[in-house]
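The values are calculated or read from the model by the stated rules, or taken from the named source; none is laboratory data. Owing to the predicted nature of the structure, the values given are computational and were not obtained by experimental measurement. The accessibility values were calculated without ligands, DNA or RNA, using every heavy atom of the protein model including side chains. Shrake-Rupley method; radii C 1.70, N 1.55, O 1.52, S 1.80 Å.
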Amino acid sequence: MVTQPKSIVLVVALGVGVLAGCAERPSAHAKTPQEADDMWAHFDRAEEIRHAVIVGDMDQVAEPAGWLESNALSGELQAGAPDYAGEIRRLAGMILAAADVPGVAAGLGQMGVTCAGCHQAKAVGPEPYAPRKTEPSRSIVGHMDRHLWAANQLWAGLITPSENAWTAGAEALSDDPLGAQELPSVIAYDLVPIAERLHDLGDRAARTKDLARRGEVYGELISTCGECHTAVWRSRTEPQ
């Protein structure tokens with residue numbers, strides 16, 4: 001039996017913990033209770049896809065993407081937003097057809113931009129978010145928790161849209177990445193370039209003002225999360 005350092009297990013646990021830790025719903029503005037329920041159904045499916053990308057699990061994409069392809073912006077939500085309905089369904093189909101995590105992530109980033117456009121056009125959607133302050137950490141657990149928080153803020157900033165949330169998320173990724181001596185020793189040198197790329201994307205996010213470009217950056221960012229978590233998981237499960 002191959003054993004791995006506890007630090008590797010903790011990194012994987014934090015990645016899988018996204019499934020429970022990211023789905024907190026923000027406050028939202030809707031015109032009717034039914035419209036609010038319908039919006040939350042969309043939010044929840046997008047969250048499921050986002051979680052799957054971050055942990056690198058393609059098996060969890062098909063069900064929520066299929067629901068969005070069939071049901072996006074139906075009923076009350078479609079009134080006044082037919083173009084957005086068609087675009088959400090097109091992007092859901094693109095996600096379903098994607099062959100890998102980067103393809104799913106790119107589609108979800110574009111979907112976040114479409115959500116923001118619809119929210120602005122209909123004057124509905126999540127309320128502008130005032131993020132709590134987090135502190136940098138050089139421990140693996142603390143650093144990963146800050147990454148998770150940043151990913152959540154950037155997503156809220158994209159779909160609301162909220163400049164405050166986007167900026168807070170980008171700033172949280174501006175911390176120096178962990179070095180090889182701070183990462184699980186078994187695969188430290190494999191993870192260093194991925195970590196550096198993630199933090200570079202944080203810098204790009206801070207400089208990016210165009211909403212569509214932000215969607216592209218966000219897709220790249222969560223795809224990088226998934227790449228790192230997949231590498232850690234493989235190192236834990238494959239014989240050394």
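Listed values, structure above:
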read-out	value
Accessible carbon and sulfur surface of region 98-162 relative to its total accessible area, %, 1.4 Å	59
Karplus-derived 3J(HN,Hα), 6.51/-1.76/1.60, for each residue of region 149-158, Hz, glycine and proline x	4, 4, 4, 5, 5, 5, 5, 4, x, 6
